[in-house]
1. More than 24 Å from B:A203 (Cα to Cα) and at the interface with chain A (Cβ under 7 Å from one of its Cβ atoms), is that true of B:P332?
2. Got a number for residues in the range B:439-483 being part of a helix (DSSP H, G or I) and charged (D, E, K, R)?
3. Quick check on my filter: what residues within the range B:82-109 are surrounded by fewer than 24 Cβ atoms within 10 Å (Cβ to Cβ), in contact with a Gly (Cβ under 9 Å, 6 or more places away or on another chain), of a type outside the set (D, E) and part of a loop (DSSP other than H, G, I, E, B)?
4. For the range B:260-273, how many residues are touching a residue at least 40 places away in the same chain (Cβ under 8 Å) and surrounded by fewer than 18 Cβ atoms within 10 Å (Cβ to Cβ)?
5. Which one of these is part of a loop (DSSP other than H, G, I, E, B) and either surrounded by fewer than 17 Cβ atoms within 10 Å (Cβ to Cβ) or assigned by TED's automatic domain parsing to the domain that holds B:L221 (or both): B:R16, B:R30?
6. Going by the structure shown, is B:E409 more than 25 Å from B:L206 (Cβ to Cβ), among the charged types (D, E, K, R) and not assigned by TED's automatic domain parsing to the domain that holds B:P189?
7. Tell me which residues, restricted to the range B:352-379, are among the charged types (D, E, K, R), more than 7 Å from every other protein chain (Cβ to nearest Cβ) and farther than 18 Å from A:L37 by Cβ.
8. Quick test for you: out of A:V49, A:V59, A:V64, pick the one residue that is of a type in the set (A, V, I, L, M, F, W, C) and either facing chain B (nearest Cβ under 9 Å) or surrounded by 11 or more Cβ atoms within 10 Å (Cβ to Cβ) (or both).
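The values are calculated or read from the model by the stated rules, or taken from the named source; none is laboratory data. Everything numeric in this text was worked out from a predicted model, so none of it was measured. For neighbour counting, all protein chains shown are included, and Cβ atoms are generated from backbone atoms with ideal geometry for every residue, glycine included.
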Amino acid sequence: MALTTEEVNKIAYLARLGIDEQDVDSYAKELSGILNLVEQMSSVNTEQVTPMAHPMDQVQRLRVDEVTEGDQRALFQAQAPDVEAGLYLVPKVID
Amino acid sequence: MHNQTIAELAKGLQAREFSSQELTTAHLARIKQHSALNCFITVTEVEALAQAKIADQLISDGKAGPLTGIPLAHKDIFCTQGIKTSCGSKMLDNFQAPYNATVIERFNQAGAVTLGKLNMDEFAMGSSNETSFFGPVKNPWDHSAVPGGSSGGSACAVAARLAVGATGTDTGGSIRQPAAFCGITGLKPTYGRVSRYGMIAFASSLDQGGPMTRTVEDAALMLQTMAGFDSRDSTSVDKPVPDYSKGLNDSLAGLKIGLPKEFFGDNLNTQMAQVVEDAVAEYTRLGAEVVEVSMPNINLSIPAYYIIAPAECSANLSRFDGVRYGHRCEAPEDLNDLYIRSRGEGFGSEVKRRILIGTYALSTGYYDAYYLQAQKIRRLISDDFKKVLSEVDVVMGPVTPTPAFGLGEKSGDPIEMYLSDMYTIAVNLAGLPALSIPAGFVDQKPVGLQIIGNYFEEARLLNVAHRYQQETDWHQQAPAGIE
């Protein structure tokens, strides 16, 4: 399994992850290497096996439907790069 | 003072032989003296001395517990309120956590002192501490070697006696492997035993926090404080916490040890195998019985892990988007540009590789072949352990295929690096507890023995490991230049 540079660019876009143009080739090579490493999984017959998502097979706990967290907006937004009137600011999305 | 264990120091504090302020000051001085090891990302001198002062008051009021006044340090993956929590990344270089992780909260309540935050591989992704934005950590036994990772700063700080104990986290071996490389004790508890609240997530179904100390006795003391149900972590397990110190000296007569034949194949160098064999021989002298077992699917651990962990990482790390906290790029043109450049600038190359692999494995058309297949193989590996642990009490084997490798030796080849985790990863896939204890030296570098137990049997593991430390002195050796 070898990834092309186009595929690497597409995956990077899906992940909204900037990668330097000059690094795309080496990413393609390294990611292909990792896919080759995991390739040996395909030879295992797992038809009857239940997938294991989690070690504990837990179910989500239920709790009484009441407010347990107070408003900490000001505290949390103190970390934000750009806020105004309690809102997170980003570049304009719709023209 | 710095050569004493938590258990010994607690006695000294109680007897007023020295104060926590003196103890803390001595450790802060050692941290400065050994700053070339690069263990710490942040040293919290002012806060530490304030905590020590409070601890001294608690001790004189007769309200001290076993950790009161003991100087510890925490992996920089645990959120600490008002203190930089970087996770080893440029992405969070400007982040001061607005709250404490549950683990931190518990140590604070126990009156422990926090010396600072420890270096680590970026977002805990690495096996050598070389992916940290803050530079690599040196192995205190050999400054040209890696300390292991991702909890490399933790292992180094404890081995170099800069902190009496430290926290680490283990997703694929990140407590046990650096503990082995630095000659200390490291315990990865059962998944769900220690709260993950406020512990920055890498792969949520694998991550687990645990103690890193010089002795097993100290690991028991730290785990006692860390373990327990937390309603703020939806995967925390609501099960009573036993007294981990109580059974440490229990007899090992009749203990059944399983040695998986797959652990002793061609990948393990003969000197490493000899160390494990010698340790097992010590156990037979203590009355244990050894049986060979087989875990036929264990060789699939690395492939399954390198799909599951990146898949979970790509989802978890999507929260770092330059909007609410963390790094934001200069002058973004539009929202996509903001996401792409903030993430591109904030993450290092290993984190990027894992996000890319995870995104690919979860994308349409590839999900079944990679992610679903990896989850099925995870089941097979877990079933192998279930079968073996129904026949024996503990499984033993190596922690790593070689002793600590050189700085830069594997950093250019991600796959070489991944293969160094071949003995630790399966435990995380199954969610089992396991620990590493010092068991000898190869090429003047420490070698660890791995002991794996059944779910929630940390007390048994600690007992088995403690008895070994009563018979041997590997754990008491200190790196040259450290005394």
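1. Yes; evaluated as a whole, the condition is true for this residue.
2. 4
3. B:N94, B:F95, B:A97, B:P98, B:Y99, B:N100
4. Kept after step one, since they are touching a residue at least 40 places away in the same chain (Cβ under 8 Å), are these residues of the range B:260-273: B:260, B:263-264, B:267-269, B:271-273.
Subsequent filtering for residues that are surrounded by fewer than 18 Cβ atoms within 10 Å (Cβ to Cβ) retains B:264, B:267, B:269, B:271, B:273.
Result for the range B:260-273: 5.
5. Every option except B:R16 fails the conditions.
6. Values: more than 25 Å from B:L206 (Cβ to Cβ): yes; among the charged types (D, E, K, R): yes; not assigned by TED's automatic domain parsing to the domain that holds B:P189: no.
So B:E409 does not fit the description; no.
7. Of all residues in the range B:352-379, those among the charged types (D, E, K, R) come to B:352-354, B:368, B:376, B:378-379.
Okay, now just the ones that are also more than 7 Å from every other protein chain (Cβ to nearest Cβ), so B:354, B:368.
Of everything in the range B:352-379, just one residue is among the charged types (D, E, K, R), more than 7 Å from every other protein chain (Cβ to nearest Cβ) and farther than 18 Å from A:L37 by Cβ, namely B:D368.
8. Numbers: A:V59 fails: either facing chain B (nearest Cβ under 9 Å) or surrounded by 11 or more Cβ atoms within 10 Å (Cβ to Cβ) (or both); A:V64 fails: either facing chain B (nearest Cβ under 9 Å) or surrounded by 11 or more Cβ atoms within 10 Å (Cβ to Cβ) (or both).
That would be A:V49, the only listed residue that is of a type in the set (A, V, I, L, M, F, W, C) and either facing chain B (nearest Cβ under 9 Å) or surrounded by 11 or more Cβ atoms within 10 Å (Cβ to Cβ) (or both).
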